[in-house]
Each structure stands twice: as C-alpha cells, then as structure tokens.
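Trainee: I am attaching a structure below and will ask some questions about it afterwards.
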Amino acid sequence: MNETPVIAVRDLTKTYAVGEIEVRALRGISLEIPRGQFVALTGPSGSGKSTFMHLAGCLDRPTSGMYVLNGRDVSRLSKRDLSLVRNHEIGFVFQGFNLLPRTSAIENVELPMLYGKPVPAKERRRRAAEALEQVGLGSRLDHHPNQLSGGQQQRVAIARALVNKPSLLLADEPTGNLDSRTSIEVMGIFQRLNAEQGLTIVLVTHEPDIAEYASRIVGFRDGRVRLDRPVQQRREAAEEIQRYDAEGDALSA
C-alpha cells in the first residue's frame, strides 16, 4: 500500500484581479510530492512557482482545484484552521530571514511555540536550543541578529522552521542573500535534514545550480508545470564545502 503523499494537488488554479485585469497565475496544476522527497521548484519570474509555494504553505487559497496536505483537503479551510495547519505542519524559510532584531537567536526560534497549544517555558527553551544545535548554532543561543552573519541568521530561521517538527519545510529563495560558500552550507543543512530525518523539503529557486542540490526538479512556466524530472547528478554540499576550502587554502599558500 502506497504511503500518502505530503502534497497532492489536482487541477489547481489561482487567478488574481489586478485592477480590471485578471492574471491567471496557475492554470491547472496537478502534482504529488511523496514523503521524504527534496524538490526544487524552478522557472522564470511570473511562472507561477511562488504562487504555488504560497498555496502549498496555506498562505492563500486556490481559485479552484484541490490541495491535499498529509491526506487532508485544505483547499477550503477557514482562516483559523489554515493558521493552525501552517503553525504545526509546515515550516517556512524565506530569503530575508525575517528575524526579530531585538530578540536573541533562541527567543526567535521559540516564537512558533507561542501560538496554538501552550508549551511550557522550560520545554520551549529546550526545543529551541535543540533546533539551534541541529543547524550548528548551539553556541550562539543568546546572540542577536546583528551579532550574526547572514548565513548564521539563515540558520536561525531554519531552526525556527524546525522547532514545531513540521512534516513539510518550504524554502523560498533561501540562498538569495548569501554568498557562494554560505549558500552551499545552507543547502548542506537541507540535504542533511532530508537524508537523516526524512524531512520533506520544497525549495523555490531561480538559480539552476541551487536546484541541483535537490533530488527532483519541477519547472514552472506560464502557470503550468513544464518540467518534472529527477536530478541525475545531484550536487553534494558536504563534498563541495571540502573542495571549496581546499581551493581556498591552495590560493592562500
């Protein structure tokens, strides 16, 4: 018996009204993402990939069609129920980090646990520290965002996305504000979470090289899926970091 996919959409459409003009952002998407898969969504600006991400993250509702998340049709849930789904089943990582500037790393990671079912303060602190340890920031719990590099801030954001133990992690251009080496490090975290914990990850990127860290690429164009293929020669972040550092040592010698 096949396991229920994390995401299953059928004939999904989304139309926006811009003044008197209707913009058809999605034109009938049908797609399944099995549990434990690492998928990169690619395509040019305006292709529909970010709209699909918003619908997958329950940040918006489709105009028509069906969206089943973990076996539950969430297409027509109320705003309150969508909020509960977002908080407990989905983790979000954005390009801009979205951290509270006057709040420590561990307090930023605790934030999702302040909504929904109450979590005792001691347990919040334990789970937040554990999440930061997972992303290599166990020694930076009390640092504020302005005391952290861009890559470290993105790690805090990833820890915050993990703290409620979601079944789905959505990452929207997570390397867009990072340099090359730091981008590889972040993709390494995603690869490790996917391999070691079986976390389902959906990543939006316009960078073809970043997409190659995933195991499957889904390409959008004009509101439709135009490409859906496995990654034949997957880039391995851990190996690339070693090579990157070796080249740097050779240049400085």
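The values are calculated or read from the model by the stated rules, or taken from the named source; none is laboratory data. If you're wondering where the values come from, they're calculated on a predicted model, not measured in any experiment. Note: ideal-geometry Cβ built from the backbone for every residue, glycine included; neighbour counts use all protein chains shown.
Trainee: Return the only residue of G91, G96, G71 being under 24 Å from G150 (Cα atoms) and out of contact with any helix residue (DSSP H, G or I) (no Cβ under 7 Å at 6 or more places or on another chain). Working first, answer last.
Mentor: Numbers: G91 fails: out of contact with any helix residue (DSSP H, G or I) (no Cβ under 7 Å at 6 or more places or on another chain); G71 fails: under 24 Å from G150 (Cα atoms).
Only one candidate qualifies: G96.
Trainee: Answer yes if at least one residue in the range 100-123 is within 26 Å of I184 (Cβ to Cβ), more than 17 Å from the chain's Cα centre (by Cα) and either part of a loop (DSSP other than H, G, I, E, B) or aromatic (F, W, Y) (or both), and no otherwise.
Mentor: The answer is no, given that none of the residues of the range 100-123 is within 26 Å of I184 (Cβ to Cβ), more than 17 Å from the chain's Cα centre (by Cα) and either part of a loop (DSSP other than H, G, I, E, B) or aromatic (F, W, Y) (or both).
Trainee: Does P44 satisfy the criteria of being over 30 Å from L111 (Cα atoms) and either of a type in the set (F, W, Y) or in a loop (DSSP other than H, G, I, E, B) (or both)?
Mentor: On the way: over 30 Å from L111 (Cα atoms): yes; either of a type in the set (F, W, Y) or in a loop (DSSP other than H, G, I, E, B) (or both): yes.
For P44, the condition - over 30 Å from L111 (Cα atoms) and either of a type in the set (F, W, Y) or in a loop (DSSP other than H, G, I, E, B) (or both) - is met.
Trainee: Let me ask something else. For the range 124-169, name all the residues that are hydroxyl-bearing (S, T, Y) and without any contact (Cβ under 8 Å) to a residue 24 or more places away in the chain. Even if it seems obvious, please write down each step before you answer.
Mentor: Residues of the range 124-169 hydroxyl-bearing (S, T, Y): 139, 149, 167.
Passing the criteria: only S139.
Trainee: Looking only at residues that are in contact with a Ser or Thr (Cβ under 6 Å, 6 or more places away or on another chain) and not in a loop (DSSP other than H, G, I, E, B) in the range 131-187, which one is surrounded by the fewest Cβ atoms within 10 Å (Cβ to Cβ)?
Mentor: That would be G151.
Trainee: Could you list all residues from the range 38-55 that are within 13 Å of V218 (Cβ to Cβ) and without any contact (Cβ under 8 Å) to a residue 12 or more places away in the chain?
Mentor: Those that are within 13 Å of V218 (Cβ to Cβ) and without any contact (Cβ under 8 Å) to a residue 12 or more places away in the chain: none in the range 38-55.
Trainee: Then there is this: I need the full set of residues from the range 63-80 which are free of Cβ contacts under 8 Å to residues at least 40 places away in the same chain, outside any strand (DSSP E or B) and exposed (fewer than 13 other Cβ atoms within 10 Å of the Cβ), in order please. Break it down into steps so the answer makes sense when it comes.
Mentor: Within the range 63-80, the first condition is being free of Cβ contacts under 8 Å to residues at least 40 places away in the same chain, and the residues that meet it are 72-80.
Subsequent filtering for residues that are outside any strand (DSSP E or B) retains 74-80.
Matches in the range 63-80: R76, S78, K79, R80.
Trainee: Which numbered condition trips up V23, out of (1) in contact (Cβ under 8 Å) with a residue 40 or more places away in the chain; (2) over 26 Å from L199 (Cα atoms)?
Mentor: The failed condition is (1).
Trainee: Among the candidates R35, R27, single out the residue that is within 19 Å of V218 (Cα to Cα), of a type outside the set (G, A, S) and touching a Lys or Arg at 6+ places or on another chain (Cβ under 7 Å). Walk me through it before giving the result.
Mentor: Details: R35 fails: touching a Lys or Arg at 6+ places or on another chain (Cβ under 7 Å).
Answer to the selection: R27.
Trainee: Scanning the range 222-253 for residues that are of a type in the set (S, T, N, Q) and not in a loop (DSSP other than H, G, I, E, B), which turns out modelled with the lowest pLDDT? Full working, then the answer.
Mentor: From the range 222-253, those of a type in the set (S, T, N, Q) are 232-233, 242, 252; that's our starting set.
From what's left, not in a loop (DSSP other than H, G, I, E, B): 242, 252.
Values: Q242: 89, S252: 48.
Filtering first and then ranking leaves S252.
Trainee: Return yes or no: is V23 at pLDDT below 95, more than 17 Å from Q95 (Cα to Cα) and either aromatic (F, W, Y) or assigned to a strand (DSSP E or B) (or both)?
Mentor: Working: at pLDDT below 95: yes; more than 17 Å from Q95 (Cα to Cα): yes; either aromatic (F, W, Y) or assigned to a strand (DSSP E or B) (or both): yes.
Criteria met by V23.
Trainee: While we're on this one: What's the total number of residues in the range 26-62 that are farther than 17 Å from G91 by Cβ, surrounded by fewer than 20 Cβ atoms within 10 Å (Cβ to Cβ), modelled with pLDDT of 95 or more and not basic (K, R)?
Mentor: Qualifying residue count, the range 26-62: 5.
Trainee: Could you tell me whether G198 is surrounded by 16 or more Cβ atoms within 10 Å (Cβ to Cβ), of a type in the set (G, A, S), within 15 Å of the chain's Cα centre (by Cα) and over 28 Å from K14 (Cα atoms)?
Mentor: Numbers: surrounded by 16 or more Cβ atoms within 10 Å (Cβ to Cβ): no; of a type in the set (G, A, S): yes; within 15 Å of the chain's Cα centre (by Cα): yes; over 28 Å from K14 (Cα atoms): yes.
For G198, the condition - surrounded by 16 or more Cβ atoms within 10 Å (Cβ to Cβ), of a type in the set (G, A, S), within 15 Å of the chain's Cα centre (by Cα) and over 28 Å from K14 (Cα atoms) - is not met.
Trainee: Then there's this: Go through (1) touching a residue at least 40 places away in the same chain (Cβ under 8 Å); (2) more than 18 Å from A56 (Cα to Cα); (3) of a type in the set (K, R) and name the single condition R221 misses.
Mentor: R221 satisfies every listed condition except (2).
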